[in-house]
Amino acid sequence: MRPYLKHLACVVFNPEEGQSFANIRPIGQVYVETAFNESGVFVEMNNGGASDPGINPDGTFVVTKLFDLIHENGTLEAMVRGLQEAKLDQSSIIQVADKQRAVSVEIPTFGFRVLEQQNGALYALNNFARPTPLEWKGWVVEIPDGQYDDRQLNLDRLFASPQWQSGVTLDMVKDMMNKKIEDGGAALYMPPFGTVIQVITVPEDMVVYFRSYGYSNWGKVDLSKLFE
């Protein structure tokens, strides 16, 4: 991804029917991994292959399905129903949020579950969250007991801190996203690998911030002026 970061863009689609939406990808990539529509619904995808590396050969390419869903659905609940009804080609961890609620939808190649916020916070990595549902055991790769992703430990500490519990500001979110793992954050900067695209959405204000990590500063787009 890193060679494409200088071409990162927020592209707005205003179709004749359905939801207008903004897609944040390098120019030329039309599929959806991170998008936000005119009803204030945000969607973001993580690959879930670390937990379920299987493939559904007759499933729909997940990033093209997300293009359809963000265009067709104006509520979080409708987006989640669409994901549940879809048959995707690969395991995915998909976050859906609006100004009231955020959920993480875990979709292995054989199942589906929705995880809600806990104590006002929700985050997703590249493995399914623990505890693993009993019916999934033996079908997914589980992180061994006592082992954690470093990002998880950092975020747990951050979200439990008095500062975050007393209220969250845009500057706090930017600072959290700027910090590398070794400094207590969640960003990984080890060119040519690591964190590449970062996005902050404010559904209530119809504003999106985005940047290429390690390459650019934050860009701000007021989508209320672009959606038709």
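The table that follows gives values for the structure above.
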{"item": "The range 139-159 - residue that is out of contact with any helix residue (DSSP H, G or I) (no Cβ under 9 Å at 6 or more places or on another chain) and without any contact (Cβ under 8 Å) to a residue 12 or more places away in the chain and, of those, most open to solvent (accessible area, probe 1.4 Å)", "result": "Asp145"}
{"item": "Counted residues, the range 66-82 - those being over 21 Å from Thr201 (Cα atoms) and not small (Gly, Ala, Ser)", "result": "1"}
{"item": "Contacts under 9 angstrom Cβ, first residue in the range 51-78 being among the aromatic types (Phe, Trp, Tyr), partner part of a loop (DSSP other than H, G, I, E, B), 6 or more apart", "result": "Phe61/Tyr31; Phe61/Asp89; Phe67/Val30; Phe67/Tyr31; Phe67/Val32"}
{"item": "Residues (open to solvent by 70 Å² or more (accessible area, probe 1.4 Å) and not aliphatic (A, V, I, L, M)) located in the range 128-138", "result": "Arg130, Pro131, Glu135, Lys137, Gly138"}
{"item": "Single residue of the range 11-45 satisfying the filter (among the polar types (S, T, N, Q) and at pLDDT 95 or above) that is farthest from the chain's Cα centre (by Cα)", "result": "Asn14"}
{"item": "The range 87-100, residues that are in contact with a strand residue (DSSP E or B) (Cβ under 8 Å, 6 or more places away or on another chain) and either part of a strand (DSSP E or B) or open to solvent by 20 Å² or more (accessible area, probe 1.4 Å) (or both)", "result": "Lys87, Leu88, Asp89, Gln90, Ser92, Ile93, Ile94, Gln95, Val96, Ala97, Asp98"}
{"item": "In the range 1-27, the residues that are hydroxyl-bearing (Ser, Thr, Tyr) and either out of contact with any helix residue (DSSP H, G or I) (no Cβ under 9 Å at 6 or more places or on another chain) or in a helix (DSSP H, G or I) (or both)", "result": "Tyr4"}
{"item": "Every residue from the range 62-80 that is open to solvent by 60 Å² or more (accessible area, probe 1.4 Å) and either more than 17 Å from the chain's Cα centre (by Cα) or farther than 17 Å from Gly18 by Cα (or both)", "result": "Glu72"}
{"item": "Residue in the range 28-44 that is of a type outside the set (Val, Ile, Thr), touching a His at 6+ places or on another chain (Cβ under 8 Å) and either open to solvent by 30 Å² or more (accessible area, probe 1.4 Å) or part of a loop (DSSP other than H, G, I, E, B) (or both) present", "result": "yes"}
{"item": "Selection status of Gly59, surrounded by fewer than 17 Cβ atoms within 10 Å (Cβ to Cβ), touching a Lys or Arg at 6+ places or on another chain (Cβ under 6 Å) and farther than 24 Å from Gly185 by Cβ", "result": "yes"}
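Conditions (1) in a strand (DSSP E or B); (2) at pLDDT 95 or above; (3) small (Gly, Ala, Ser); (4) under 15 Å from Thr34 (Cα atoms), marked per residue:
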position	(1), (2), (3), (4)
Phe67	no, yes, no, yes
Ile70	no, yes, no, yes
Gly82	no, yes, yes, no
Val105	yes, yes, no, yes
Val114	yes, yes, no, no
Ala129	no, no, yes, no
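Per-residue answers, yes or no, for (1) open to solvent by less than 30 Å² (accessible area, probe 1.4 Å); (2) within 25 Å of Asp205 (Cα to Cα); (3) in contact (Cβ under 8 Å) with a residue 60 or more places away in the chain:
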| residue | (1), (2), (3) |
| --- | --- |
| Arg2 | no, no, yes |
| His7 | no, no, no |
| Asn14 | no, yes, yes |
| Gly48 | yes, no, yes |
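The values are calculated or read from the model by the stated rules, or taken from the named source; none is laboratory data. Every value quoted in this text rests on a predicted model; they were computed, and no experiment measured them. All Cβ positions, even for glycine, are placed from backbone atoms using ideal geometry, and neighbour counts span all protein chains on display. The area values use the complete protein model at the heavy-atom level, side chains included, leaving out ligands, DNA and RNA. Shrake-Rupley method; radii C 1.70, N 1.55, O 1.52, S 1.80 Å.
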